[in-house]
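The values are calculated or read from the model by the stated rules, or taken from the named source; none is laboratory data. Since the model is a prediction, treat every value here as computed from it, not as a measurement. Note that we place each Cβ from the backbone using ideal geometry, even for glycine, and neighbour counts take in every protein chain shown.
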Amino acid sequence: MAGRRRGWFRSGEDPWFEQVRSALTTTFLDMDRRQSAADAAVVASEEIFPERELGRRWAPVRDTCYAAAAAYLEFTGALDEDEEAGTRRPDRQQRVDAVLRQLRGAAEGVDRFYHGDKGALEEAVAVRGTVPELVDRVTAAAARVRGVAAESEYAGYPSVHAAATAVDEALVTLAALPADARGRVRAAANRLAATTGELSEALAHAPSRAAAARNAIASVTTRIAAVRTRAERIGPAHSALLREFNAASSADLADNERTSERHITAADTALAGARAAAAEHNPEPALDLTTTARGHLADAEQLVDAVTKRLAELRAVRDDPRQRAEAVRFRLRDAQMLAVSRGLVAEWGSVLDAQVERLDRVTASLTGRHPDYWAYVNELDTISEFIAGVVERMRKQPPPGQRRG
C-alpha cells in the first residue's frame, strides 16, 4: 500500500501531524462559525436597515477571515505533502503557530465587530425573522378593509375609491416579490399597511362629507356676497387715484376691477357646480369645488385691497411726506451708530453715508402739481431694505479686534 494517501485524521509514525491538524481544524472551524454568524447578521442588516451601512464596515473583517482560511487550507495541504514524504521541517512548529495566530486574530476581529454593533445586528436578525408574520398580518388586514370598502355605500366617493385602488396596487406589488428578498418584502408590507390605514381613514370620514359639503356651500355663498360688496369699492377708489395722484401711481392697478370680477364670476361657477354635486349626493366633488371657489375669492379680495390700500397709503404720504422719510432716516442713524460701536466705520461708513444722499434726492423729487408719491414710497422702501441688509451683515461680522489674521 506504499504511496497511498492517508486519511484526514490518522495515526502515523509522527503523531505531531495529527495533533497539529486537530488544533488547526478546531481553530479554523471556530473562526468559520463566528464568521458565518456575523455574516448572516450583516446580510440581515443590509436587507432591513441598509442605511446603517454595516456591510461596508464588515467587509474588511470578512476579508481578514478569508485570508486566514486561505492560509489554513494552503498550510494543511503542505502538511499532507510533508507527512507523505516524511519531511520534518525545522520551522514546522513556528509555521503552525503563525497560522493559528492568523485564525485566532481573524476570529477576534469578528468578535470585536459583532459586539461593537451587537444590538443593531441582533435587531436586524430579529426583524428579518418577523417578515413572514408581518406579511400575513398586513395582507389579512388589507383584505378585510378592502372587503368593507367594496360593500360600503361610500365606495364611489373619490377618496374611498382612490384609497382602495392604492391598497390593490400595494397587494399586487407585495405578491410579486420573492419571499427571500426580506428587505423589499418588509418595505412593501409596510406600504400595504399604510395604504390600508388610509383606506380605513377614508371610510371613517366618508359619512361626514355630506354635512361638510353643506356647510362649505353655505360659507362660500356668504363670502361671495361679501366680496361682491367689497369689489364695489374698486371703481371709486381707482377713480380717486387717477384724479388725485400721478397716473403712474396706479398704472399697475388698471385691470384690477375687471380681473377681480372674473374671479368672482369663476367662484360663482364653482359654487353652482358644488351645489349640483351635493344635490347628486357627491359631497367630495362639492367640497373640491368650494375650495376652488375660495381660491378665486381670495384672489379677488387681494385685487380689491390692492386698490383701496394704495389710495389710503398715498393719501397718508401726501398729507405728511416727511413722516415716512424720517422713519427711514431714523433707521439709517441707528445703522451708523452700530457701525461706530462695532468699529466698522472704515468698511461701512461710506456705504451708509451714500444712503443719506439717496434720501435727500428722494425727498427733493416731490415737485409739481402731481408728484409721483408712489415712486417716492418705493424708493424709500428700497433704501430701508438696503439699510436692513447692511445692519444684518454688520451684526454677523466680528469687530476688527476679534478677527483672525
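Inclusion of THR367 among residues that are in the same structural domain as ALA237 (by TED's automatic domain parsing) and polar (S, T, N, Q) is not warranted. Does ARG294 satisfy the criteria of being under 30 Å from ALA206 (Cβ atoms), basic (Lys, Arg), in contact (Cβ under 8 Å) with a residue 60 or more places away in the chain and out of contact with any strand residue (DSSP E or B) (no Cβ under 6 Å at 6 or more places or on another chain)? It is true that ARG294 is under 30 Å from ALA206 (Cβ atoms), basic (Lys, Arg), in contact (Cβ under 8 Å) with a residue 60 or more places away in the chain and out of contact with any strand residue (DSSP E or B) (no Cβ under 6 Å at 6 or more places or on another chain).
If you go through segment 347-357 one residue at a time, do you hit one that is modelled with pLDDT under 95, part of a helix (DSSP H, G or I) and within 16 Å of ASN246 (Cβ to Cβ)? Among the residues of segment 347-357, not one is modelled with pLDDT under 95, part of a helix (DSSP H, G or I) and within 16 Å of ASN246 (Cβ to Cβ), which makes the answer no.
Screening PHE330 on (1) in a loop (DSSP other than H, G, I, E, B); (2) within 44 Å of the chain's Cα centre (by Cα) shows it passes everything except condition (1). For the structure I just gave you, tell me whether LEU171 is touching a residue at least 40 places away in the same chain (Cβ under 8 Å), in a helix (DSSP H, G or I) and either surrounded by fewer than 13 Cβ atoms within 10 Å (Cβ to Cβ) or within 28 Å of the chain's Cα centre (by Cα) (or both). For LEU171, the condition - touching a residue at least 40 places away in the same chain (Cβ under 8 Å), in a helix (DSSP H, G or I) and either surrounded by fewer than 13 Cβ atoms within 10 Å (Cβ to Cβ) or within 28 Å of the chain's Cα centre (by Cα) (or both) - is not met.
Only one of ALA327, ALA335, ALA364, ALA375 is more than 25 Å from ASN246 (Cα to Cα) and hydrophobic (A, V, I, L, M, F, W, C); which? Residue meeting the stated conditions: ALA335. Quick check, is VAL131 under 23 Å from ASP63 (Cβ atoms) and within 40 Å of the chain's Cα centre (by Cα)? No.
What residue, of GLU169, GLU122, GLU84, GLU108, is assigned by TED's automatic domain parsing to the domain that holds LEU24, under 30 Å from GLU51 (Cβ atoms) and among the acidic types (Asp, Glu)?
Of GLU169, GLU122, GLU84, GLU108, the one residue that is assigned by TED's automatic domain parsing to the domain that holds LEU24, under 30 Å from GLU51 (Cβ atoms) and among the acidic types (Asp, Glu) is GLU108.
Considering only residues in segment 4-63 that are at pLDDT 85 or above and hydroxyl-bearing (Ser, Thr, Tyr), the one that is farthest from ARG101 (Cα to Cα) turns out to be SER45. How many residues, within segment 348-370, are in contact (Cβ under 8 Å) with a residue 40 or more places away in the chain and either under 20 Å from ALA335 (Cβ atoms) or surrounded by 18 or more Cβ atoms within 10 Å (Cβ to Cβ) (or both)? Qualifying residue count, segment 348-370: 2.
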